[in-house]
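To start, the structure under review is shown below, and the notes come after it.
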Amino acid sequence: MPSSSLKVVVLPDAGAENPFQYELVRYLRKHGMQVVIGKKYTLGSTFRAMSAHHPDVIYYDWVHSFILGKSLWWSWLKSLVFVAEIVWAKSIRQVRVVHTLHNLQNHAGIWLGLEKWVYRFFLHRCEHIRVYSETTKQEAISRFGLRPAVISVIQDLPYHAYYPNDSTKQESRQKLSIDKNAFVFLFFGEMKPYKGLHQLIKAYSALQIPNTRLLMAGKSYDADYWKSLMEVSNNDPDILWHHRFIEDSEVQYFFNAADVVVLPFTRIDHSGSIDLAMSFGKPIITLRTDGTAQLLSHQLELLFDNTFYPLEECLSIASRIDLAAIGKKNFEIADTTNYRDMVKIFEA
């Protein structure tokens, strides 16, 4: 079907903290599609979206929120409703389903048996599934028994088309009251347990390298988790907290003030934070996986593995390598991805 006649509903609304979704919506609209972001309800988001908008295509980002709840019985109820929605969408309404598989399982590691069953059911009813790496594609094929032909490896739109970026390093540091001569590590994003922040704080505290700063930007929506971060940081004056949602206009200051971005995930298949750091031309310290090793093969010395090459070693070596060259390469990769292929999986 031609782009100009396609009606697309995007589910769920990822919110302002995940701007890549808004970038995708804007890109699809630019190509003539009629795109709306569906509202998120406790139950029945797909039913309501189809009734309100009568789409040709439903595009799902994460579906874990439609499957999982705080208890097993609530997860079963949500899952049954979601299965019914998919059956209705496919069999009764003849709607095509497109999906981005961000992670093979939920970050919290809860109700994995139920999740795998429902997710497999869902994935087998998708016309197209988008993943971020060949490694994830092969794992999805093996884990869920999918046909390779329905899975495409397509990267996100580069973020530098979304965020303002006209502030220098010196201006950004003045804005954030950071010493112009300090070496700055940056964590940026919503603060959640799977992101390894306790490990980051401990590794940074063990460094004992003079004139460094750890810039922590983002918000935790879990009061207990935030309290635990404060306890482990032990009021270290070199850890600079910006515990709040960072507005779009401010994002550039944090990245431009930093020498290197640190994303110490405990488990990850794909991260928009990595894409964001690359779009700002920043070197990235993060967990070594097959996917990150492939994407960041030019900066392997900044990928930790928790066994033979710990996070602390990456932090220590960062100031002794050519970060400018790495950052330039990361920007080039972000700027030359195959994101234009996203249009094709909606049209086919």
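The values are calculated or read from the model by the stated rules, or taken from the named source; none is laboratory data. This structure is a prediction, so every number in the text was calculated from the model and none was measured. As a convention, Cβ positions derive from the backbone with ideal geometry for all residues, glycine included, and neighbour counts pool all protein chains shown. Areas reflect the complete protein model, heavy atoms only, side chains present, ligands, DNA and RNA absent. Shrake-Rupley method; radii C 1.70, N 1.55, O 1.52, S 1.80 Å.
State which residue is surrounded by the fewest Cβ atoms within 10 Å (Cβ to Cβ) when the search covers only the range 177-217 and only residues that are aromatic (Phe, Trp, Tyr) and touching a strand residue (DSSP E or B) at 6+ places or on another chain (Cβ under 8 Å).
Phe183
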Any chance Ala161 is of a type outside the set (D, E, K, R), over 16 Å from Gln105 (Cα atoms), modelled with pLDDT under 95 and open to solvent by 30 Å² or more (accessible area, probe 1.4 Å): yes
Pair list, Cβ under 6 Å, 6 or more apart: the range 89-115 residue closer than 25 Å to Val153 by Cα, other residue basic (Lys, Arg) and open to solvent by less than 10 Å² (accessible area, probe 1.4 Å): Thr100/Arg130
Helices (runs of 4 or more DSSP H) wholly inside the range 111-181 that include at least 2 residues being under 29 Å from Phe66 (Cβ atoms): 112-123, 134-144
Residue count for the range 320-346, restricted to those that are over 12 Å from Lys282 (Cα atoms) and surrounded by 15 or more Cβ atoms within 10 Å (Cβ to Cβ): 6
Residue within the range 133-149 that is in contact (Cβ under 8 Å) with a residue 60 or more places away in the chain, under 20 Å from Ile274 (Cα atoms), surrounded by 15 or more Cβ atoms within 10 Å (Cβ to Cβ) and charged (D, E, K, R) present: no
Conditions (1) open to solvent by less than 20 Å² (accessible area, probe 1.4 Å); (2) in contact with a His (Cβ under 9 Å, 6 or more places away or on another chain): number failed by Val118: (2)
Residue within the range 299-317 that is within 19 Å of Val153 (Cα to Cα), in the same structural domain as Gly218 (by the TED database), touching a helix residue (DSSP H, G or I) at 6+ places or on another chain (Cβ under 9 Å) and not polar (S, T, N, Q) present: no
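Conditions tested, residue by residue: (1) farther than 23 Å from Asp290 by Cα; (2) surrounded by fewer than 17 Cβ atoms within 10 Å (Cβ to Cβ); (3) touching a Gly at 6+ places or on another chain (Cβ under 8 Å).
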{"position": "Lys78", "(1), (2), (3)": "yes, no, yes"}
{"position": "Val87", "(1), (2), (3)": "yes, yes, no"}
{"position": "Val97", "(1), (2), (3)": "yes, no, no"}
{"position": "Ala108", "(1), (2), (3)": "no, yes, no"}
The range 38-63, residues that are open to solvent by 10 Å² or more (accessible area, probe 1.4 Å) and either within 10 Å of Val8 (Cβ to Cβ) or not assigned by the TED database to the domain that holds His102 (or both): His53, Pro55, Asp56
